[in-house]
Amino acid sequence: MESNAYSQSLVFSKLRSIEASPIFQGVVIAIIVLSALTIGAKTYDLPPIFEKSLTFFDNAITVFFLLEILFRFSACPVKRRFFLDGWNIFDTLVVIGSLVPLDNSEAILLGRLLRIFRVLRLVSVVPELRFLINSLLKAIPRMGYIALLMFIIFYIYAAMGSMLFANVDEFLWGDLSIAMLTLFRVATFEDWTDIMYQTMEFYPLSWIYYLTVVAPAKPDTTSFV
């Protein structure tokens with residue numbers, strides 16, 4: 001019994017060392033990049049021979065990802081812990097989605113969309129990208145308060161704009177929801193001066209309203225100097 005447990009421990013240790021090796025990780029990253037290039041190439045009109053080659057590569061990549069996820073599952077001593085990692089669940093779902101056959105006309109679009117998500121596996125493979133995503137997920141609650149504050153500000157400005165400028169342009173300021181879309185256009189600097197000059201014909205001081213919206217949204221370029 002002890003010898004069997006010791007031999008199993010050696011096997012798991014060997015499998016984990018292979019999984020964590022730079023060569024194995026490099027091969028997985030290379031296949032993910034190849035998958036991304038294959039997906040991009042399929043968006044172009046190619047000769048039939050190239051389309052067949054891309055289909056072969058796509059099937060080969062799908063088989064590789066299936067074998068890779070099975071290998072990683074086999075390298076985990078406690079199988080339940082494999083699915084306790086969110087990244088392992090994500091990889092498994094992506095691989096299962098890639099198994100959707102493309103010979104069924106109703107499943108072609110779904111299969112292609114699911115195959116696009118294979119590119120996201122690069123995030124789960126590269127530790128630095130995983131750390132960045134985890135940091136962003138932890139920051140989401142605080143970002144939610146920032147989004148709430150911005151919504152309140154936009155709501156107030158949209159209500160003011162609708163009351164002040166509805167008679168100038170009903171299409172842009174007719175109600176609260178349309179006014180918020182107009183403010184979003186102003187905040188993204190999309191021809192916002194045309195909107196400003198239009199209202200300035202009726203309200204010469206309306207430029208103050210727009211500058212108080214645009215000034216906070218203007219990016220700080222001094223940090224790049």
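The values are calculated or read from the model by the stated rules, or taken from the named source; none is laboratory data. Please read these numbers as outputs of a predicted model, since none were measured by experiment. Cβ coordinates were reconstructed from backbone atoms using ideal geometry, including for glycine residues, and neighbour counts include every protein chain displayed. Each accessible area value is taken on the protein alone, full model and side chains, heavy atoms only, with ligands, DNA and RNA left out. Shrake-Rupley method; radii C 1.70, N 1.55, O 1.52, S 1.80 Å.
Given a Förster distance of 30 Å, report the FRET efficiency between Leu120 and Ser9 from their Cβ-Cβ distance, rounded to the nearest 0.05. Numbers along the way, then the final one.
Numbers: r = 34 Å, r/R0 = 1.12.
Between Leu120 and Ser9 the formula returns 0.35.
How many percent of the accessible area of the chain is carbon or sulfur, using a 1.4 Å probe? All intermediate terms of the calculation are to be shown ahead of the outcome.
Numbers: 11100 of 15470 Å².
Taking all protein chains in place, the chain shows 72 percent carbon and sulfur surface.
Would you mind getting me the FRET efficiency between Phe83 and Val27? Use the beta-carbon distance for r and R0 = 22 Å, nearest 0.05. Walk me through the numbers before you get to the answer.
Details: r = 24 Å, r/R0 = 1.09.
So, using R0 = 22 Å, E works out to roughly 0.40.
What is the chain's relative contact order, in percent, from Cα pairs under 8 angstrom and six or more apart in sequence?
Details: 132 pairs, mean separation 29.6, N = 225.
After rounding, I find 13 percent.
Run the numbers on segment 117-183 and let me know its relative contact order in percent, using alpha-carbon pairs under 8 Å that are six or more apart.
Values: 33 pairs, mean separation 14.2, N = 67.
Reported as a whole number, the value is 21 percent.
Please give me, ordered by residue number, the chymotrypsin sites (Phe, Trp or Tyr not before Pro) of segment 10-80 that lie in loop per DSSP and have at most 13 other Cβ atoms within 10 Å.
Working: sites: Phe12, Phe24, Tyr44, Phe50, Phe56, Phe57, Phe64, Phe65, Phe71, Phe73; in loops: Tyr44.
In loop regions of segment 10-80 (DSSP not H, G, I, E or B), the sparsely surrounded chymotrypsin sites (Phe, Trp or Tyr not before Pro) are Tyr44.
Using label points projected 7 Å from each Cα along Cα→Cβ, tell me how many nm separate Ala139 and Phe57, to one decimal.
Result: 3.5 nm between the two label points.
At 30 Å minimum axial length over the Cα atoms and a Kyte-Doolittle cut of -1.0, report the qualifying DSSP H helices in the chain, or say none. Please report the intermediate quantities before stating the final value.
Numbers: long enough: 48-74 (39 Å, 1.01); 127-165 (52 Å, 1.29).
Those that clear 30 Å and a mean of -1.0 are 48-74, 127-165.
With every protein chain present, what accessible area does Thr188 have (1.4 Å probe, heavy atoms only), rounded to the nearest 10 Å²?
Thr188 has an accessible surface of roughly 70 Å² with all protein chains in place.
Over segment 1-92, what is the mean sequence separation of C-alpha contacts under 8 Å (at least six apart), divided by residue count, expressed as relative contact order in percent?
Worked out over segment 1-92, it gives 36 percent.
Using a 10 Å cut-off on Cβ atoms, rank the peptides 82-88, 31-37 from the highest mean neighbour count down.
31-37, 82-88
Considering the values (i) 88, 50, 39; (ii) 57, 45, 28; (iii) 56, 37, 33, which represents Cα extents along the principal axes in Å as calculated for the structure under consideration?
Comparing each candidate, only (i) matches the computed number.
Any idea of the accessible area per residue across the chain, 1.4 Å probe, to the nearest Å²?
Numbers: 15470 Å² over 225 residues.
With all protein chains present, the chain gives 69 Å² per residue.
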